[in-house]
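Since the structure comes first, as structure tokens, the remarks are kept for the end.
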Amino acid sequence: MKNDAPNPDNFVRRGEFVAKIVEQRPLFGKNNISLNLEVTDKAAVCFAKAKPGQFVNLACRDLNEYRCPTPLLRRPFSIAGIFSDSAASKPVSGNDLENSSQVGSSEKLYLQIIYSVIGPGTNWLAQRNPGEQINLLGPLGNGFTLPESKDAKVILVGGGVGLPPLYFLADRLAGQGYRDIVAVAGARGREEFACEFALDKYEEEKPLEKQLVLQQFARSNTSSIIATDDGSMGYHGNVVEAWREFLVGNEGWAEAEVFACGPGGMLKAVAAFAREKVNPCQVCMEAYMACGIGVCQSCVVAMKAGAADEGESKKYKLTCVNGPVFDAEKVDWNS
Amino acid sequence: MVEASGKKQVDLTVELGRVRLANPVMTASGTCGYAFELKDFVDLSRIGGFVTKSITLEGREGNLPQRTFETASGMLNSIGLANVGLERFLAEKVPLLEKMTVPVFVNVAGRSLEDYVAVSEKLSGIEAISGLEINVSCPNVKVGGITFGVDPAATAELVGAIRKRCPETYLIVKLTPNVTDITVTARAAVEAGADALSLVNTFTGMAIDVEKRQPVLGGRTGGLSGPAIRPIAVHMVSRVYREVAQTAGVPIIGMGGICCAHDALEFIIAGASAVAVGTNVLVDPGCLVRIMEGIGDYLVAHDMKTVKELVGCLEGV
Ligand SMILES: Cc1cc2nc3c(=O)[nH]c(=O)nc-3n(C[C@H](O)[C@H](O)[C@H](O)COP(=O)(O)OP(=O)(O)OC[C@H]3O[C@@H](n4cnc5c(N)ncnc54)[C@H](O)[C@@H]3O)c2cc1C
Ligand SMILES: Cc1cc2nc3c(=O)[nH]c(=O)nc-3n(C[C@H](O)[C@H](O)[C@H](O)COP(=O)(O)O)c2cc1C
Ligand code: FES
């Protein structure tokens, strides 16, 4: 007999699953890879309901190898897209999110993960071949809340490996009928983008004009503005500067809802600019995680006084269960 | 209770003194939340016993991040006993624990002897709670922050004081390994009235960011856990069993780096009546059930009928 959950919602939304690698494809930037995973049965039912901003915690090793369990802990990765076909061309729209029959128990779904190879876990991942299996926990975390009005203007701001969850968000927004979406995508230099580019279509001399150049956004017909810190591609500057410049001449975008993901310093600057523009802003944050499922208390992020009151702590929220998406106004950016 | 493993049936029940577990595999404090946090990842009705995270008198926010760090075959943590505190635990978590179908043990921590006694008293006599696990690895703020559990006299005084005010309560004393001779503190705990001993807690350690020349962890030092500590933990269980627990008839709950049935069997053969899994639950919650099944398979393969036959059967020491 299963323990009765104290939670009245007995529907299974997450779990431990085994996924099969369908494809590993090198992306434009050095050491950036797109991983396409097939999930079936209960996993497919859970992931059909996954929200942009949610993540998976991947075992980057054989969990049955006990003598030398390296790396010991799982590694968290954002979901970069969920598709109903193995070619990753048909995003799951989320239109029938509350209708659990959308994905039957015999169906398959395909998850995209986009990662940057930087250490032992991601090196192990990069060496896996199609057909091999990977153990994962997911979908984890809360996910973004979509704007109430489909007429809302939406600005997606992403940097480095903060871009992947925004690809999934753009898919979902488009699938739900939002029309006015623009992405501001940044990296240190042109070699560091975790994406693919349609370079033949890119008008380099117009960096502040939104263009269908970044493929993972273009797949949902979302155009983007490219910015690099070193000026090696697109606008020479950071994403906030690019966004500020874009608003000059695009005053219609001054009132927008902002969704951001990237390194802590970038998110802090995004939150400050969103506040200046009185734009509602949700940020998808990173923290060092050990479990990813709310039991170890590793992944705390400090909240402003009064903003964490409903949780288990007055000061902190857990990135892995209360986040990774937070209202930028609630985060204590000075801690 | 009997777990079928293959065709043969084996008896996995263990008696930790007056508390009976359906099987020897428990969760370790601080790695499984307050109650049902792990329910989507493991069937909690199939474990031997559930141990909550440490509860203190007042709620604690815990240490500054970064709070954990992966090391070679292990991890450091400096969570800082973050928890909601006794009052909210009683109001919000105990009602959840009432729904647990396996024995529940609440881990108790404190900053002073009075704190421990107050928390233990309030948690005694609650039906959903089978016993308390006293985490003696906390600094005593009244005597310059010296950890209770490293001093045999302080351990005895603390356990004695809880025992006096909670005469009926089942008490597990969780020993710290950060001592010269763990049998001395084990004996102190037993003589002061412990019903069972659990060992080990984490080993104090530090990791340094060489670029910043600062400790990696916000709490500066942290507790080392995981496979890296297992051989030391097994040795400590073996010594405590032979030198203290066996003659005193006090059961041991062994832990430290257990990932699979093989690891659990090491502890049981060394003298543990039950085992607990911490770090590996963070990685692979389902391992709790697989370890239990694997112990059953081992008994079948070795023509044994009960797990009790294995406890402390280590030869050649
Ligand atoms: C919610 C979440 C979503 C993420 N999504 C993505 C993603 O979509 N694509 C991607 O490439 N990466 C993502 N990351 C970061 C990713 O988890 C790390 O890059 C990965 O753990 C590195 O593992 P490694 O063993 O290769 O390197 P390690 O040697 O473990 O780490 C290399 C560097 O990364 C840092 N690091 C390790 N773990 C984390 C962590 N949990 N958060 C932040 N930094 C870390 C280390 O401090 C070190 O500096 C995400 C992290 C979080 C918390
Ligand atoms: C993240 C983490 C938090 C822990 N919190 C507690 C705690 O609150 N109280 C306690 O007595 N032990 C705590 N421990 C120690 C474990 O219960 C266990 O004794 C130790 O980690 C050794 O077992 P392991 O190697 O299987 O993890 C914690 C360990 C970890 C890894
Ligand atoms: S990573 Fe363990 S609680 Fe968030």
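For this structure, a couple of remarks:
- Filter pass, B:L314 being out of contact with any Pro (no Cβ under 9 Å at 6 or more places or on another chain), open to solvent by 20 Å² or more (accessible area, probe 1.4 Å) and closer than 25 Å to B:I182 by Cβ: yes
- When the range B:227-258 is filtered for residues that are within 14 Å of chain A (Cβ to nearest Cβ) and over 15 Å from the mean Cα position of the chain (by Cα), the ones remaining, listed by number, are B:P227, B:A228, B:P231.
- Matching residues in the range A:315-326 - criterion: being more than 16 Å from ligand 2 (Cβ to nearest atom), open to solvent by less than 20 Å² (accessible area, probe 1.4 Å) and more than 23 Å from B:D284 (Cα to Cα): A:V325, A:F326
- For the range B:189-218, filtered to residues that are in contact (Cβ under 8 Å) with a residue 40 or more places away in the chain, away from ligand 1 (no atom under 16 Å from the Cβ) and not in a strand (DSSP E or B), the residue that is nearest to B:G131 (Cα to Cα) is B:D195.
- Residue in the range B:169-185 that is away from ligand 2 (no atom under 16 Å from the Cβ), farther than 29 Å from A:Y288 by Cα and buried (at least 24 other Cβ atoms within 10 Å of the Cβ) present: no
- Within the span defined as the range A:193-212, one or more residues are open to solvent by less than 70 Å² (accessible area, probe 1.4 Å) and part of a strand (DSSP E or B).
- Qualifying position, being more than 14 Å from chain A (Cβ to nearest Cβ) and more than 27 Å from B:R20 (Cα to Cα), among B:A118, B:A72, B:A153, B:A82: B:A153
- Residue that is nearest to the other protein chains (Cβ to nearest Cβ) [pool: residues in the range A:296-306 that are open to solvent by less than 60 Å² (accessible area, probe 1.4 Å) and out of contact with any Phe, Trp or Tyr (no Cβ under 9 Å at 6 or more places or on another chain)]: A:C296
- For A:S298, the conditions (1) away from ligand 1 (no atom under 16 Å from the Cβ); (2) at negative phi; (3) in a loop (DSSP other than H, G, I, E, B) all hold with the exception of (1).
- A:G249 vs. criteria in a loop (DSSP other than H, G, I, E, B), farther than 25 Å from B:V42 by Cβ and away from ligand 1 (no atom under 14 Å from the Cβ): yes
- The range A:231-252, residues that are within 30 Å of A:V301 (Cα to Cα) and touching a strand residue (DSSP E or B) at 6+ places or on another chain (Cβ under 9 Å): A:G237, A:N238, A:V239, A:V240, A:E241, A:A242, A:W243
- Residue within the range B:123-134 that is open to solvent by 40 Å² or more (accessible area, probe 1.4 Å), hydroxyl-bearing (S, T, Y), closer than 17 Å to B:A276 by Cβ and out of contact with any Lys or Arg (no Cβ under 6 Å at 6 or more places or on another chain) present: yes
- Exactly one residue out of B:V275, B:V281, B:V216 is under 14 Å from the mean Cα position of the chain (by Cα), buried (at least 17 other Cβ atoms within 10 Å of the Cβ) and within 14 Å of chain A (Cβ to nearest Cβ): that is B:V281.
- Tally of residues being free of Cβ contacts under 8 Å to residues at least 12 places away in the same chain and within 9 Å of ligand 1 (Cβ to nearest atom) across the range A:120-148: 1
- For B:A228, the test of being under 15 Å from B:S73 (Cβ atoms), small (G, A, S) and either modelled with pLDDT under 95 or in a helix (DSSP H, G or I) (or both) is passed.
- Single condition B:A261 does not satisfy, out of (1) touching a Ser or Thr at 6+ places or on another chain (Cβ under 7 Å); (2) surrounded by fewer than 24 Cβ atoms within 10 Å (Cβ to Cβ): (1)
- Inclusion of B:E87 among residues that are facing chain A (nearest Cβ under 10 Å) and open to solvent by 60 Å² or more (accessible area, probe 1.4 Å) is not warranted.
- Options A:E329, A:E312, A:E276, A:E286; residue that is within 9 Å of chain B (Cβ to nearest Cβ) and surrounded by fewer than 24 Cβ atoms within 10 Å (Cβ to Cβ): A:E312
- Residue count, the range B:141-193 (criterion: of a type outside the set (A, V, I, L, M), in contact with a Ser or Thr (Cβ under 9 Å, 6 or more places away or on another chain) and farther than 27 Å from B:V104 by Cβ): 4
- Taken over the range A:250-304, the criterion of being in contact with a Pro (Cβ under 9 Å, 6 or more places away or on another chain) and within 16 Å of ligand 2 (Cβ to nearest atom) is satisfied by A:A287, A:Y288, A:M289, A:C291, A:G292, A:I293, A:V295, A:S298, A:C299, A:V300.
- B:G59 fulfils the conditions (1) facing chain A (nearest Cβ under 9 Å); (2) buried (at least 24 other Cβ atoms within 10 Å of the Cβ) except for a single criterion, (2).
- Residue check, A:G121 within 16 Å of ligand 3 (Cβ to nearest atom) and either in a helix (DSSP H, G or I) or at pLDDT below 95 (or both): yes
- Count - residues of the range A:252-273 that are outside any helix (DSSP H, G or I) and within 14 Å of chain B (Cβ to nearest Cβ): 0
The values are calculated or read from the model by the stated rules, or taken from the named source; none is laboratory data. These figures come from a predicted structure and were not determined experimentally. FYI the Cβ positions are ideal-geometry reconstructions off the backbone, even for glycines, and counts take in every protein chain you see. Accessible surface areas use protein heavy atoms only, side chains included; no ligands, DNA or RNA. Shrake-Rupley method; radii C 1.70, N 1.55, O 1.52, S 1.80 Å.
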